[in-house]
Every structure is written in structure tokens, then in C-alpha cells.
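The values are calculated or read from the model by the stated rules, or taken from the named source; none is laboratory data. Keep in mind the model is a prediction, meaning the values are calculated, not measured. Please note: Cβ atoms are built from the backbone with ideal geometry, for glycine as well, and neighbour counts cover all protein chains shown. Quick note on the areas: whole protein, heavy atoms, side chains included, nothing else; ligands and nucleic acids left out. Shrake-Rupley method; radii C 1.70, N 1.55, O 1.52, S 1.80 Å.
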Amino acid sequence: MNAPRIEDHADHTADVEEIRRIIADVEKGFNDNDAELLVEHFAQNGSVVTAIGVQIDGREAMLESSRPGLAGPLRDGRAPF
């Protein structure tokens with residue numbers, strides 16, 4: 001069986017810049033202990049898996065689970081992107 005070959009010759013410069021802006025917001029949200037900014041770019045029905053393997057479904061649940069961590073054990077943490 002031959003694997004399909006995908007070719008994309010489009011200019012993705014704007015996409016890459018937007019991805020970098022999103023990463024910068026996540027980093028700033030983490031570093032500033034700002035849960036709202038940390039989850040700002042997630043969809044309302046998005047899902048994440050935390051560093052300890054817990055799945056969190058929904059942007060509101062992500063926000064609520066981020067607040068205590070950023071105010072407590074992660075408050076002095078830094079995201080070195």
C-alpha cells in the first residue's frame with residue numbers, strides 16, 4: 001500500500017504569525033497568573049489534557065480549573081516559550 005502524498009504550496013506566513021500570537025497569550029496568561037488569558041483562545045467545547053493526564057472538557061471548566069493552580073502551586077511558575 002502506498003501512503004498518500006500531501007503537497008501544500010500555499011503561503012502560511014499569516015497562519016504561523018497567528019499561532020505565535022496565541023502561544024504568546026498562553027505564555028503571558030500563565031506567567032501573569034491570568035486564567036482568563038490562559039484559556040482565551042480555546043473553543044467553548046474544547047478539551048485539554050493536563051500535565052498530570054486529567055482531561056478537562058469545555059472552556060469554562062478549563063478556566064475554573066486554572067484559577068486555583070495559578071493562584072496556588074503554579075503562581076511562581078514560568079512558561080519559557
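Listing for the model above:
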| quantity | calculated |
| --- | --- |
| Filter result (within 18 Å of residue 80 (Cα to Cα) and not hydrophobic (A, V, I, L, M, F, W, C)) within region 9-48 | 20, 21, 25, 27, 28, 29, 31, 32, 33, 34 |
| Qualifying residue in region 34-51 (condition: within 22 Å of residue 76 (Cα to Cα), touching a residue at least 24 places away in the same chain (Cβ under 8 Å), in a loop (DSSP other than H, G, I, E, B) and not small (Gly, Ala, Ser)) | yes |
| Hey, residue 25 of a type in the set (D, E, K, R) and touching a His at 6+ places or on another chain (Cβ under 7 Å) or not | yes |
| Conditions (1) surrounded by 16 or more Cβ atoms within 10 Å (Cβ to Cβ); (2) in a loop (DSSP other than H, G, I, E, B); (3) at pLDDT below 95; number of the one not met by residue 69 | (2) |
| Residue pairs meeting the criteria (Cβ under 6 Å; at least 6 apart or on separate chains; first more than 20 Å from residue 22 (Cα to Cα), in region 67-81; second modelled with pLDDT of 95 or more and surrounded by 13 or more Cβ atoms within 10 Å (Cβ to Cβ)) | 75/33 |
| Residues that are acidic (Asp, Glu) and open to solvent by 80 Å² or more (accessible area, probe 1.4 Å), drawn from region 16-50 | 17, 32, 36, 40 |
| Single residue of region 51-66 satisfying the filter (more than 19 Å from residue 28 (Cα to Cα) and aliphatic (A, V, I, L, M)) that is least open to solvent (accessible area, probe 1.4 Å) | 56 |
